[in-house]
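Structure first, commentary second.
Bear in mind that the values in this text are calculations on the coordinates, not laboratory data. Quantities reported herein were computed from a predicted structural model and do not represent experimental measurements. Please note: Cβ atoms are built from the backbone with ideal geometry, for glycine as well, and neighbour counts cover all protein chains shown.
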Amino acid sequence: MKKNENSGAACPRADIGGQAVLDGVMMKSPDAIAVAVRRPNGDIVVKREDYEAPSKKHPWMGKPFIRGSVNMIQMLGIGMRVLEDSMKMSGNEEAQEEPSKFEKWLAAKLGKNVDKVVMAVAIVMAMAMSIGLFVLLPNLIILLFPPNPTGGTLLLKNLVSGIVRIALLIAYIGFVGRIPEMRKTFQYHGSEHKTVYCHEHDLPLTPKNAQQFTTLHPRCGTSFLLLTFFLSIIFYSVIDVLVLQLTGFDLGAHYLLRVLSRILLLPCVAGISYEVLKSVAHAENPFTKAVRWPGLQMQRLTTRPPSDEQLEVAIASMNAALHGLPEGETTPEGWVILHKEATA
């Protein structure tokens, strides 16, 4: 292994996070982010970069109930960036869409690289779609309720809108899962989980060892998302009742104000959900198992059993994140190529 200058010795075992990317896996250790991608010719391409948690520069970002919202925003940016990286690393030029005239015009006006503008536009579009599907649409349900609510009515509003939101999430994931190209991505998601389990059990990172584990992991982002949706029902209900009792104002009766409050308070819900997920991830008792169960079942929609070849990619990413780039041929971009013959 080639050690990065700042990586030092191999990291001790720690919670490792990751995500599936185009034809590969990203793994994030406490001090590095690594991406490994399988190219059409069978070679694995690995990239690694140093990572510094925001809490090291700004300690307040690591405080309980704040770190969850910080992590959510950060992972959105990292996730979009590594997806772009994996597209370039795959060597499949057809997968890279030509920037639109608007994106090129915007890049020229802003003086920025086209790729950065494309990524910014993609993030904005993704956020707009999420807000529309999971905030604007579910909250239309308040129009069916009469005015002058009681606390119970406010709870019912939030319960119904919450159920609609969860149903939309399940339907959306189910629809995406029917797209043939997504099956491979879900398999790489499963390979990420199996490899993380293998690391957590201190076993040598091999496809054979990793295959014995489940594709369902309690710290998965899918579980975090579903838990956030569940807890938002309780959180927003408490806020609505408090506002009604303290001011006599029905926040939920005004659609735009209700939507705005949900968006502004989302970091609070994310912070609470992160702390709950973190506290139940490693504990083994009937309560924590019950809290984890819905998220694990949701992962049956977002993961698929991987092949040994896909596990090799996840393992290459894990090893790079923990120990540094492997020895091998290097591309002009600084990526390492693990030839198919060497990984077979």
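The table below lists the values:
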read-out: So Thr153, is it over 21 Å from the mean Cα position of the chain (by Cα) and part of a helix (DSSP H, G or I); value: yes
read-out: Residue within the stretch 197-208 that is at negative phi, loosely packed, with under 15 Cβ neighbours inside 10 Å and among the charged types (D, E, K, R) present; value: yes
read-out: Residue check for Arg258: outside any loop (DSSP other than H, G, I, E, B), of a type outside the set (S, T, N, Q) and within 16 Å of Ser307 (Cα to Cα); value: no
read-out: Of all residues making up the stretch 60-93, the number that are outside any helix (DSSP H, G or I) and closer than 28 Å to His339 by Cβ; value: 3
read-out: Residue match in the stretch 214-233 (condition: among the aromatic types (Phe, Trp, Tyr), at negative phi and without any contact (Cβ under 8 Å) to a residue 60 or more places away in the chain); value: no
read-out: Extreme residue, farthest from Leu156 (Cα to Cα), among residues of the stretch 127-140 that are buried (at least 17 other Cβ atoms within 10 Å of the Cβ) and over 18 Å from the mean Cα position of the chain (by Cα); value: Val135
read-out: Test for Tyr188: is it aromatic (Phe, Trp, Tyr) and surrounded by fewer than 21 Cβ atoms within 10 Å (Cβ to Cβ); value: no
